[in-house]
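To start, the structure under review is shown below, and the notes come after it.
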Amino acid sequence: MKIYTKTGDKGQTSLIGGTRVPKYHIRIESYGTVDELNSYIGLIMCQAIDPHHQQILKEIQDRLFTIGSSLASDPERSKMQIPDLLETDILLLETEMDAMNEVLPGLKHFILPGGNTIVSYCHLARCVCRRAERLTVHLAEESFVDNKITIYLNRLSDYLFVLARKLNADAKTEENIWIPRL
């Protein structure tokens, strides 16, 4: 199977369902940013972190493929069955955050990104996740987007923030707090 099709050489691409759109279309930007996020999640996952976190990140990668499939589909023309995002997927993120927060000190300051390399990767992924969320919310104003997708992306960015804090704590690295200059 050839990986190149040459069908996108003139700046157009196909959605699931056959609709051709420009490569800068908000739907393409949305699922492209989810794909970028998934790559950052992979970067975090292959670091020396607790196997439990690696397992959760692998599940997140699977859910991001589910989200990408949904966003890549023309909601009016696609007949292809794609996987569903479930309420339990959102609940998993919330449960994981709650468990990490139980062992973390209370948050009294804003946290500046950094601390160590792995934590920095988490913050990069969090920022990409927020961009994916913004693009998806924009898309939802123009076309159907399952509400669970925007909720999931919102929770995922929160999860990545809490994971960054937890990985900092695990490494016994002091948090890089923001003390505003007044």
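Only the coordinates and a few stated rules stand behind these numbers; no lab work does. Bear in mind the structure is a predicted one, so any value in this text is a computation, not a measurement. Cβ coordinates were reconstructed from backbone atoms using ideal geometry, including for glycine residues, and neighbour counts include every protein chain displayed.
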field: Correct choice for percent of Cα pairs over 25 Å apart that was computed from the model, options [x] 40; [y] 51; [z] 36
entry: [x]
message: Can you tally the net charge around N38? Count Lys and Arg as +1, Asp and Glu as -1, for every other residue whose Cβ sits under 10 Å from the Cβ of N38.
response: -2
- request: With a ≥ b ≥ c taken as the square roots of the eigenvalues of the C-alpha gyration tensor of segment 129-182, please select rounded if a/c is under 1.5 and otherwise prolate if a/b is larger than b/c or oblate if it is not?
  value: oblate
task: List the GluC sites (Glu not before Pro) within segment 77-179 that fall in a DSSP loop (any state other than H, G, I, E or B) and whose Cβ has at most 12 other Cβ atoms within 10 Å.
output: E174
statement: Charge tally for neighbours of K148 with beta carbon under 12 Å away, counting Lys, Arg as +1 and Asp, Glu as -1, is -2
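Between E141 and L86, what is the FRET efficiency for a Förster distance of 35 Å, r being their Cβ-Cβ separation, to the nearest 0.05?
Working: r = 24 Å, r/R0 = 0.69.
After rounding to 0.05, the efficiency reads 0.90.
Between D98 and I179, 0.36 nm times their residue separation minus their Cα-Cα distance comes to what? Before the final figure, lay out the partial values.
On the way: separation 81, 0.36 × 81 = 29.16 nm, distance 2.59 nm.
Computed gain between D98 and I179 is 26.6 nm.
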Trypsin sites (Lys or Arg not before Pro) within segment 57-96: DSSP coil, no more than 15 neighbouring Cβ in 10 Å: R77, K79
field: Interchain or long-range residues, amide H under 5 Å from H25's placed H
entry: none
